[in-house]
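Contents: one structure, followed by commentary.
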Amino acid sequence: MSLREFLRPVRIVLVEPSLPENIGASARAMKTMGLTDLALVRPKLFPDARASALAAGADDLLEGARVCNSLAEALEGCIHAAGCSARLRDIAVPLQEPALAARNLVARMAQGPVALVFGAERTGLSNEDLGRCHVAVHIPTEPDFSSLNLAQAVQVLAFSVRNAALEQQGTEALANTRDDAPADLGQLERMFGHFEEALSEIDFFKGRPHGQLMLRIRRMLLRADLDTREVMILRGILAEAQRMARLAARVNN
Ligand code: SAH
């Protein structure tokens, strides 16, 4: 599944945007990150040539955008909504930073559409609108200058959602391509022991202490997240190196 298909359940809702430029720039921000579902609640001017100009190729999102009369209508069918707020005060719902909010959205979207809700340029989201959301999201800023341009706030959240989706797809892809069971710690310990023994036999340490090097090898191989077959391959290589070292030793004697 492409990332864009994967992200299809993510809806961006703009409540009463007053500048058509911000609608266009938001569509562009969405499309760069693979988001496609845009809903507009009582936009002041829409459609508008200035929105299309700023969309810069994301016109398809503008054409597909749903214009709604209320936030409730825009959120219809959504199982989870996060309201984006430039202000930290007077917020009745739990507050999350973008990365966590994005991970939560991505985790929930298998069950149905999820929404990110943005307020109007001048006033932001009303308490009533924010109250319709499960959580509030705040992009960390300087405390005395916390209000981003609307489309730029959309860009930051869209980027966070894309990252969260990539993270999730990455772990799923890793899990799906594995036929063999992950190596258990006992197998790994025996492999490290084998490494130390074989590296001694082929005189890799050259009289240096083993500790530091073995630690690095350990760290490297633990990072590789080996499965049982991979451990067998590595140990096969070590055994072969040992056999060659013994043969060479016999020839030299
Ligand atoms: N003057 C308004 C700010 C509106 S900015 C106020 O004080 O609330 C328009 C919208 O962009 C906001 O409603 C919010 O959805 C989003 N936004 C701007 N800055 C943000 C920030 N730091 N964190 C989260 N959302 C932000």
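Just so you know, all these numbers are worked out from the coordinates, no wet-lab data involved. Please read these numbers as outputs of a predicted model, since none were measured by experiment. Neighbour counts are summed over all protein chains in view; Cβ atoms, including those assigned to glycine, are modelled from backbone coordinates with ideal geometry.
A few remarks follow.
- Cα coordinate range in the chain, projected on the principal axes (Å, largest first): 91, 37, 32
- Rounded to the nearest 20 debye, the dipole size of the chain about its Cα centre is 660 debye, using +1 on the Cβ of Lys and Arg and -1 on the Cβ of Asp and Glu.
- Dividing the helix sum by the residues of the chain, where each DSSP H run of 4 or more adds -39500 (n - 2.57), gives a mean residue ellipticity at 222 nm of -16000 deg cm²/dmol.
- Residue of R162, R89, R190 that the Gaussian network model of the chain assigns the largest fluctuation, springs spanning Cα pairs under 10 Å: R190
- Charge context of A55, other residues only, Cβ under 11 angstrom, K/R +1, D/E -1: -2
- Gyration tensor (alpha-carbon) shape descriptor, the stretch 185-252, a/c threshold 1.5: oblate
- Candidates E196, E121, E142: whichever shows maximal mean-square fluctuation once the chain is modelled as a Gaussian network with Cα springs under 10 Å: E196
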